[in-house]
Amino acid sequence: MSGTYLSKFGDIIAEKTGLGQALIGGILLALATSLPELVTSITSSLVAVPDIAIGNVFGSNTFNLMILAIADLLHGQGPLMLKVKYSHILSGLLGILLSGIVAFSIMVYHFTSFNFTISSIGLESIIIVFTYLFGVKLIFRYDKKNPLDKDEMEKELYGHIKLKKALIGFSLSAVVIIFAGIQLTLTGDKISTVTGIDKTFIGSILIAAATSLPELVATIAAIRINAYNMAIGNVFGSNIFNMIIVFFADLFYTKAPVLSAVSVLHIITALIGLIMSAIALIGLFYRSKRTVFSIGWDTLFISIVYFLGVYLLFHLGINI
């Protein structure tokens, strides 16, 4: 329910501020729907379960991209990517860059002796923060110079609702969804203990899917009000914000840099997400009109890669 209200109030904010659906979805809505991931990863670090903290981040990214296929199936005739703006390519590329930095850092910790920290916080976490801030600045500047949602902004659908009311409603909805992620870490840890399944799988698949429910609900709600750019912006924007969660996980995991304490299997989840992101961006750029089972070729391949990745992680998780 809160995810539905987030999309509605986000659409109102986009109209009232003139910023457009793509920017509001990619930054404001994405930040709000990623709050459960933030809370869950911080909690995981505090209780010394770093694999769930990082698995939640990468797993949420892959599940978010799977949401594109669900949105494509629900939105109506024709591929969804034909109805959104090219500006999402910039957000998608920033997400790939940040994911690559995290995956590369895990490899460095596991296969080299490099270890540069500042008060137990890894150098890579600081690089992630600055890359995120610089990337968001680029996205904001690009969208301001290229008002891609001009046609949408010309339609005044919420003339009777004031911006202040929309901001309050959006904030309250965001607060509500925070509490949805608080118990997920402890529950996931218990599931791992009882079943014997590796925490990497628990964090990357089960908890990640649970914490991504606000993104799913918000994206579906955006599709229903024809806010396609907000829906896609929410997916790519959430994947960008999820990467900065690594910094907060590192901040609250005081034993060592958090990426030095996690399983190397997270690189597999990261690579799955990178492949899915690349497919999504190719689909967004090429814009094929062909469909299979009422969805675009790109979202079909995204679905296939996701389920193959789930199977692979499950197989590895039960054999560790």
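Values in this text are rule-based calculations from the coordinates and carry no lab data. Since the model is a prediction, treat every value here as computed from it, not as a measurement. Here Cβ is always computed from backbone atoms with ideal geometry, including for glycine, and neighbour counts include all displayed protein chains.
Tabulated results
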{"item": "Of the trypsin sites (Lys or Arg not before Pro) in segment 263-320, those whose Cβ has at most 13 other Cβ within 10 Å and which sit in DSSP loop", "result": "K289, R290"}
{"item": "Ranked packing of 47-60, 272-285, most packed first, by mean Cβ within 10 Å", "result": "47-60, 272-285"}
{"item": "Inter-part distance where segment 208-257 and segment 56-71 are each reduced to a Cα centre, Å", "result": "9"}
{"item": "Amide H contacts of G122 (H built 1.01 Å from N, under 5 Å, at least 5 apart or other chain)", "result": "V258"}
{"item": "For segment 41-133: rounded, prolate or oblate by the Cα gyration tensor [a/c cutoff 1.5]", "result": "prolate"}
{"item": "Sequence ranges 100-111, 248-259, ranked by mean other-Cβ count within 10 angstrom, highest first", "result": "248-259, 100-111"}
{"item": "Per-residue ³J(HN,Hα) for segment 47-55, Karplus 6.51 cos²θ - 1.76 cosθ + 1.60, θ = phi - 60°, Hz, x for Gly and Pro", "result": "9, 6, 10, x, 5, 6, 4, 7, x"}
{"item": "Rounded to whole Hz, the Karplus (6.51, -1.76, 1.60) HN-Hα couplings of segment 246-260, x for glycine and proline", "result": "4, 4, 5, 4, 5, 4, 9, 9, 8, 6, 5, x, 4, 6, 7"}
